Amino acid sequence: MTFRIEQKLNIHKTNLFYLKKWLLSNNSKILHPSRIISSIYYDNNNFDMYHQSIEGVLPRKKIRIRYYPNESKKTFHIEKKISSVEGRYKEKMLTNIDLQNIKGAILDKDYGICNPKILVTYKRDYHYLKNTRITIDTDIHFYKIFFNKIMKTAKKSNKIAFELKNNINYPNDQLVKDFPFEIIRLSKYCEAVSSFSLS
């Protein structure tokens, strides 16, 4: 288990060009080619993970299956993203899934029986600057999952997700100095649930 800091910064989508220009002028490095990511989020019937994320409850978690749809050989991972008082960490393991019929609930010791609720897809860019990993998520789409089927009609987010990832010892005042942007709370899963009025 490795704790880490994850901070999301407020960048309006109209400023994406200037953000990338800022990264370039500060000699950021590209860590990985851009790629499309898909995540299937699970929750119980009360949407407890959604509500706890909105309220900022600690500890809390999100459960999702992540994959990369454009890869020739798709691999699927169950990920449990856990937020605690000590920091954040992630557990993951390989799994199998049929995207045409997403059967099978996940039994979680804290949330009970959880079923697939939302599919989120987006394009992710990867950068590295000032000992910090940076991800920029754009072209974010939400799909509701109904009776184990992914609905074809999507809703598009009007936001971009600009996130910093560093080790737990990275001081917050140094982060603010290194990255002079407003810190915000942003959850793609929560935005998706709210957009469909599911909770």
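The values are calculated or read from the model by the stated rules, or taken from the named source; none is laboratory data. Computed from a predicted model, the values in this text were never measured in an experiment. All Cβ positions, glycine included, derive from the backbone under ideal geometry; neighbour counts span all protein chains shown.
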Exercise. Determine whether Ile136 is more than 21 Å from Leu58 (Cα to Cα), in contact with a strand residue (DSSP E or B) (Cβ under 7 Å, 6 or more places away or on another chain), crowded, with 18+ Cβ neighbours inside 10 Å and modelled with pLDDT of 95 or more.
Key: yes
Exercise. Select from segment 140-199 the residues that are farther than 20 Å from Lys81 by Cα, part of a loop (DSSP other than H, G, I, E, B) and charged (D, E, K, R) and write down the one among them that is farthest from the chain's Cα centre (by Cα).
Key: Glu182
Self-check item: Looking only at segment 175-198, and only at residues there that are of a type in the set (Ser, Thr, Tyr) and buried (at least 16 other Cβ atoms within 10 Å of the Cβ), the one that is nearest to Glu55 (Cα to Cα)
Solution: Ser187
Quiz item: Looking at segment 119-126, is at least one residue in contact with a Ser or Thr (Cβ under 9 Å, 6 or more places away or on another chain), in a helix (DSSP H, G or I) and over 19 Å from Tyr18 (Cβ atoms)?
Solution: no
Quiz item: Does any residue in segment 127-153 that is over 25 Å from His12 (Cα atoms) come within less than 6 Å, Cβ to Cβ, of a residue that is surrounded by fewer than 16 Cβ atoms within 10 Å (Cβ to Cβ) and basic (Lys, Arg) six or more places away or on a different chain, and which pairs are these?
Solution: Asn148/Lys103
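Test of understanding: among Glu71, Glu6, Glu79, which residue is out of contact with any His (no Cβ under 9 Å at 6 or more places or on another chain) and exposed (fewer than 12 other Cβ atoms within 10 Å of the Cβ)?
On the way: Glu6 fails: exposed (fewer than 12 other Cβ atoms within 10 Å of the Cβ); Glu79 fails: exposed (fewer than 12 other Cβ atoms within 10 Å of the Cβ).
Matching residue, one of Glu71, Glu6, Glu79: Glu71.
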Quiz prompt | segment 159-176 residues that are farther than 28 Å from Phe142 by Cα, paired with ones that are outside any strand (DSSP E or B) and of a type outside the set (S, T, N, Q) (beta carbon under 6 Å, 6 or more apart) | solution = Ile168/Phe3; Ile168/Gly87
Quiz item: What do you reckon, is Lys130 more than 25 Å from Glu55 (Cα to Cα), under 12 Å from the mean Cα position of the chain (by Cα) and not small (Gly, Ala, Ser)?
Solution: no
Quiz item: Are any residues in segment 61-109 outside any loop (DSSP other than H, G, I, E, B), more than 23 Å from Asn166 (Cα to Cα) and among the small types (Gly, Ala, Ser), and if so, which ones?
Solution: none
Quiz item: Looking only at residues in segment 82-114 that are more than 20 Å from the chain's Cα centre (by Cα), under 27 Å from Arg4 (Cα atoms) and of a type outside the set (A, V, I, L, M, F, W, C), which one is surrounded by the fewest Cβ atoms within 10 Å (Cβ to Cβ)?
Solution: Lys109
Quiz item: Any idea which of (1) more than 13 Å from Cys190 (Cβ to Cβ); (2) of a type outside the set (A, V, I, L, M); (3) modelled with pLDDT under 95 is the one Gly56 doesn't satisfy?
Solution: (1)
Quiz item: Which one is surrounded by the most Cβ atoms within 10 Å (Cβ to Cβ), of the residues in segment 13-44 that are free of Cβ contacts under 8 Å to residues at least 40 places away in the same chain and either of a type in the set (Phe, Trp, Tyr) or in a loop (DSSP other than H, G, I, E, B) (or both)?
Solution: Trp22
Quiz item: Could you count how many residues in segment 1-23 are touching a helix residue (DSSP H, G or I) at 6+ places or on another chain (Cβ under 8 Å) and among the aliphatic types (A, V, I, L, M)?
Solution: 2
